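What follows is a single structure, written as structure tokens, with notes after it.
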Amino acid sequence: MGYVDLKYKPTENDMVCSFYLEPEGISLEKAAEDIAAESSIGTWTEVVTMSSRIKRMGAKVFSIRKNIVKVAYPQELFEKGNIPQILSSVAGNIFGMKAVKNLRLLDVELPEELARSFKGPEVGLDDVRRITGIHDRPLLGTIYKPKLGLSPKEMEKEAYIVYSNGIDWSKDDENLASMEFNKFEERVVRVLSVVDRIKSEEGRTVIYAPNITGPVDRMRERAEFVKEQGGRCIMVDVLTIGWSALQYIRKQNFGKIIHGHRAMHAAITRNRKHGISMLVLAKFARLAGVSALHTGTIFGKMEGGRDDVVALNRFLKSDFFGMKKVMPIASGGLHPALIPKLVNALGNDVIINCGGGLWGHPQGSAAGARAMKQSLDSALKGIPLQKYAESHEELRMALKKWA
Ligand code: CAP
Ligand code: MG
């Protein structure tokens, strides 16, 4: 049955997916037909129960240019408000088909009706700026390091040091949950007491992002605990908790910033020929309702070049069915020597996270925080970093170690 119609023009009723496709042993057109079938209504052979009514629901390959294949799916194939089902269709079986040597889902363009069936962020980029009172510069963030092992008491002590030396936002590491050496509840109480202390001592509203990642019932309990303790933010590892859990947490309308970490993304986003682009994951994360999302650093330790990161951040801040904007987070291998060029590349709408780049400072964590702040100040004032370091000792020491 025909799943290829190169004259077809997608309508506003269609969801359009763009794929990079390399066929295996068959023509590109045949492979395109096979993925359109398998990702919509078909299977490997004709079936007696197929009817003209059902055939009309089939996906249509409407463009094949080099290895880029575009497929239009009538939105009746998808359940409104259901990310798992959409991905099970267009990002499911097709990656494993023998007809495919390589397949990467590059982009998903949702029809308005389907897109608006999702909540989007309850708390977005503009709210983050309103809550923190930081309107015209990047936010300075950090991740407590070592990534596992610190006690709640040690984190409390470090929290006061880093916040009182210029950090705006701190987070648990992606693999910290609630372990014998660091129980979630004690950690939250202790670090939030520092947030309150900074508020009373300096008038600054700083953010702590406790990682609630876990089974969905435990995540709900933890989010409620953070709310009871007056926390303003919760952190989840978007991919390891799963799309259903992310939608569930958003649906609770906790009124909190949802800090979206993307641990595990590179298992499916990194191969340029096979898997799913980070843009697709970012689209679904925004539909699901994260407030802030890790999108890469260009210059740090993780893969993700300038074009990718700029495009991701542009999407997160773009007009997307009237949904709130999402704050990009740059994290991974960053340190003070990289902050000015990061700001130059990404602008002000970004949370700049340094973990090792703070706690690795030769003079300790207070100096590490100050060096980050001084580096950002040099960028905002347009003063060359090396020159600014001449009169800022902590920055000078950081550049000496890492520049
Ligand atoms: C960074 C980090 C971040 C990853 C995230 C880590 O620590 O906390 O989770 O970099 O990467 O555990 O490595 P450092 P991405 O600052 O010490 O590198 O944002 O690309 O998902
Ligand atoms: Mg981490």
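The values are calculated or read from the model by the stated rules, or taken from the named source; none is laboratory data. Remember, predicted model here, so these are calculated numbers, not experimental data. Ideal geometry is used to build each Cβ from the backbone, glycine not excepted, and the neighbour counts take in all protein chains shown. Surface areas here come from the heavy atoms of the whole protein model, side chains and all, with no ligands, DNA or RNA. Shrake-Rupley method; radii C 1.70, N 1.55, O 1.52, S 1.80 Å.
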Residue within the stretch 370-380 that is open to solvent by 10 Å² or more (accessible area, probe 1.4 Å) and under 19 Å from the mean Cα position of the chain (by Cα) present: no
Those helices (runs of 4 or more DSSP H) lying entirely in the stretch 293-367 with at least 1 residues surrounded by fewer than 18 Cβ atoms within 10 Å (Cβ to Cβ) and within 16 Å of ligand 2 (Cβ to nearest atom): none
Residue in the stretch 33-56 that is among the β-branched types (Val, Ile, Thr), out of contact with any Phe, Trp or Tyr (no Cβ under 8 Å at 6 or more places or on another chain), under 17 Å from Gly92 (Cβ atoms) and open to solvent by 30 Å² or more (accessible area, probe 1.4 Å) present: yes
Residues within the stretch 257-276 that are in a loop (DSSP other than H, G, I, E, B) and buried (at least 22 other Cβ atoms within 10 Å of the Cβ), tallied: 2
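Please go through the stretch 94-128 and give me each residue that is assigned to a strand (DSSP E or B), buried (at least 20 other Cβ atoms within 10 Å of the Cβ) and in contact with a helix residue (DSSP H, G or I) (Cβ under 8 Å, 6 or more places away or on another chain), ordered by number.
The first filter runs over the stretch 94-128 and keeps only residues assigned to a strand (DSSP E or B), leaving 100-109.
Add one more test, that the residue is buried (at least 20 other Cβ atoms within 10 Å of the Cβ), and what stays is 100, 103-105, 108.
Once the filter is applied, which keeps residues that are assigned to a strand (DSSP E or B), buried (at least 20 other Cβ atoms within 10 Å of the Cβ) and in contact with a helix residue (DSSP H, G or I) (Cβ under 8 Å, 6 or more places away or on another chain), the stretch 94-128 yields Val100, Leu103, Leu105, Val108.
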Single residue of the stretch 129-164 satisfying the filter (among the small types (Gly, Ala, Ser) and under 24 Å from Leu338 (Cβ atoms)) that is surrounded by the fewest Cβ atoms within 10 Å (Cβ to Cβ): Ser164
Any hit, the stretch 183-203, residues being within 16 Å of ligand 1 (Cβ to nearest atom) and surrounded by fewer than 23 Cβ atoms within 10 Å (Cβ to Cβ): no
Neighbours by Cβ (under 8 Å, 6+ apart or cross-chain): first from the stretch 280-296, at pLDDT 95 or above; second among the hydroxyl-bearing types (Ser, Thr, Tyr) and open to solvent by less than 10 Å² (accessible area, probe 1.4 Å): Leu281/Thr269; Ala282/Thr295
Tabulated pairs, the stretch 1-17, first open to solvent by less than 60 Å² (accessible area, probe 1.4 Å), second of a type in the set (Ser, Thr, Tyr) and assigned to a loop (DSSP other than H, G, I, E, B), C-beta under 8 angstrom, 6+ apart or interchain: Tyr3/Ser40; Cys17/Ser39
